[in-house]
Amino acid sequence: MIILTISISNKIYLRDVTMKEFIDIFMNVVKAKYAQFSGRARRKEFWGFQLVGFVISILLAIIDGILGTMSGGIGMLQGIFALALLIPSVALIIRRLHDTDRSGWWALLCVVPLANIALVVLMFLEGTKGTNRFGSDPKALS
């Protein structure tokens, strides 16, 4: 799989990334960093987690449709999955904000209509190079 990344400076980067790598990222967030609100998270960790979570959610929606457990636009299995990922998702958003040297309180933008678009834009920004007030640069560590 090839991932296309466009940075704020309009540079385009192509890199081969396997789905297994994204699954490993997803499992690491769920197992090792479930409720870790401190530290920093790279864009790769954030978007890898989002991609795998989205694919699993779609598969669960299909299974819910087959089983007849779909109600009000969301299925039982899909709803349980979403609830299970609530804490790691919030923790990951906060760590991603920390990587851009912003407080985790910025995550509250997700509940403000239209302002939540700004939060999505922040998730695309490159992290602070080097150490910031939230810890070491995760990109430099890998």
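Where a number appears in this text, it was derived from the coordinates with a stated rule and is not lab data. No experiment lies behind these values; they were computed from the predicted model shown. Here Cβ is always computed from backbone atoms with ideal geometry, including for glycine, and neighbour counts include all displayed protein chains.
Estimated purely from DSSP H runs of n ≥ 4, each contributing -39500 (n - 2.57), the mean residue ellipticity at 222 nm for the chain is -16500 deg cm²/dmol once divided by its residues.
Which whole-number percent gives the relative contact order of the chain, counting Cα pairs below 8 Å spaced six or more residues apart? Display every interim value, and only then the final one.
Working: 173 pairs, mean separation 36.4, N = 142.
RCO, the chain: 26 percent.
Backbone geometry of segment 110-126 corresponds, through the Karplus equation with coefficients 6.51, -1.76 and 1.60 at θ = phi - 60°, to 3J(HN,Hα) couplings of 5, 9, 9, x, 6, 5, 5, 5, 4, 5, 4, 4, 4, 5, 7, 5, 5 Hz, x marking Gly and Pro. Positive contributions from Lys and Arg (+1) and negative ones from Asp and Glu (-1), summed over other residues with Cβ under 11 Å from the Cβ of Phe46, come out at +4. Simple rule: put +1 on each Lys or Arg Cβ and -1 on each Asp or Glu Cβ in the chain, find the dipole, and look at Val111, Val90, Gln36; the Cα lying farthest toward the positive end is Gln36. Based on the reciprocal of the average 1/r between different C-alpha atoms, the Kirkwood radius for segment 19-131 equals 15.0 Å.
In a simple Cβ point-charge model (Lys, Arg +1; Asp, Glu -1; nothing else charged), the chain has a dipole of about 420 debye relative to its Cα centre.
Here the Karplus curve 6.51 cos²θ - 1.76 cosθ + 1.60, taken at θ = phi - 60°, turns the phi angles of segment 135-141 into couplings of x, 6, 5, x, 5, 6, 6 Hz, with x standing for Gly and Pro.
Using the count of nearby Cβ atoms within 10 Å as a rough guide to exposure, how do Met27, Met76 rank from fewest to most?
Fewest-to-most ranking of Met27, Met76: Met27, Met76.
If the segment from Val17 to Ile66 were pulled out straight at 0.36 nm per residue, it would be longer than the present Cα-Cα gap by 14.5 nm. Please compute the net charge surrounding Asp24, taking Lys and Arg as +1 and Asp and Glu as -1 over other residues with Cβ under 13 Å from its Cβ. Net charge around Asp24: +2. Compute the label zone of Ser136 within segment 30-45: residues whose backbone N is under 15 Å from the point 7 Å along Cα-to-Cβ. Under cut-off, by backbone N: 39-42. Comparing Gly79, Ala140, Val52 along the charge dipole axis of segment 46-142, the residue lying farthest to the positive side is Ala140, per the Cβ-charge model.
Mind giving me the FRET efficiency for Leu86 and Lys129? R0 is 22 Å, r the Cβ-Cβ distance, nearest 0.05 is fine.
Numbers: r = 31 Å, r/R0 = 1.42.
Efficiency for this residue pair is about 0.10.
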